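For reference, the structure discussed in these notes is given below.
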Amino acid sequence: MHGPASSGWLLVALCAATGAYCLLRMRSSVEEQRRAAGGEALMGFGMAAMAVPAAVFTPPAWVWPAYAAVFGAAGLRALWAARSGRHHLHHLVGAAAMVYMAVVMAGSPAHAHGHGASGTPLLTGVLLLYFAGYVLLTGVRLIPVVTVAGGGPGAPSVPAPGGGAGAGGRARAGWGDRPELARACRLSMAIGMLAMLLPL
């Protein structure tokens, strides 16, 4: 494979792997994290299915309105959940982007999967700017921070809060509850969203 087909398969793999990891995160003991992981799993698998190259599978016309309905409902749920936490607004924007791409693809069935499809340039540009900013900000937040105790040369380094077993007298969080892994998951999906929006 070459050209758009190979990049499409890479995008399918990235989104499907992210969705599978989010399913595993749903085993968390924290209810809020389980709910967020469920929404992110839906987004990951939805993006993976949408990214399958058109040369391999062209979905029937009813798929795009179904996508719009599913992700419209996910967006309403994220809007409702945003009352308790700002991070749900990102889920709202992601769901809105999925609805937008589904509507664009429904309007141009001859160019399924977004290859050559034409959306509204202003809306596409706003979504591209949002996800590019999100990727940069989240990438910076994933950079490990090490503080130095005492500040002098040769002083032992102390990991940033939340790192390591027993830090601050707390038990180590399970791998499904680690915030940096959830951020990496969201970062992967934002990169995938950028790749899907670019052809529009």
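Rundown of residues vs (1) at pLDDT 95 or above; (2) buried (at least 17 other Cβ atoms within 10 Å of the Cβ); (3) touching a His at 6+ places or on another chain (Cβ under 7 Å); (4) more than 24 Å from M47 (Cβ to Cβ), yes/no style:
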{"site": "L128", "(1), (2), (3), (4)": "yes, no, no, no"}
{"site": "V140", "(1), (2), (3), (4)": "no, no, no, no"}
{"site": "V148", "(1), (2), (3), (4)": "no, no, no, yes"}
{"site": "G162", "(1), (2), (3), (4)": "no, no, no, yes"}
{"site": "G168", "(1), (2), (3), (4)": "no, no, no, yes"}
{"site": "R172", "(1), (2), (3), (4)": "no, no, no, yes"}
{"site": "A182", "(1), (2), (3), (4)": "no, yes, no, no"}
{"site": "C185", "(1), (2), (3), (4)": "no, yes, no, no"}
Report summary line: Of the conditions (1) surrounded by 14 or more Cβ atoms within 10 Å (Cβ to Cβ); (2) without any contact (Cβ under 8 Å) to a residue 40 or more places away in the chain; (3) of a type in the set (G, A, S), the single one that A69 does not satisfy is (1)
Requested in this report: Please go through region 79-95 and pick out each residue that is among the aliphatic types (A, V, I, L, M), more than 14 Å from the chain's Cα centre (by Cα) and open to solvent by less than 70 Å² (accessible area, probe 1.4 Å).
Outcome: A81, A82
Report task. Output the residue which, of all residues in region 4-33 that are among the hydroxyl-bearing types (S, T, Y) and open to solvent by 60 Å² or more (accessible area, probe 1.4 Å), is nearest to F57 (Cα to Cα). Result -> S7
Report task. Would you check if there is a residue in region 73-86 being of a type in the set (F, W, Y) and farther than 25 Å from L10 by Cβ? Result -> yes
Requested in this report: State the number of residues belonging to region 34-55 that are open to solvent by 20 Å² or more (accessible area, probe 1.4 Å) and outside any helix (DSSP H, G or I).
Outcome: 3
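The values are calculated or read from the model by the stated rules, or taken from the named source; none is laboratory data. Model, not experiment: these values are computed from the prediction. Please note: Cβ atoms are built from the backbone with ideal geometry, for glycine as well, and neighbour counts cover all protein chains shown. Ligands, DNA and RNA are stripped out before the accessible areas are found, and what is left, the full protein with its side chains, is counted by its heavy atoms. Shrake-Rupley method; radii C 1.70, N 1.55, O 1.52, S 1.80 Å.
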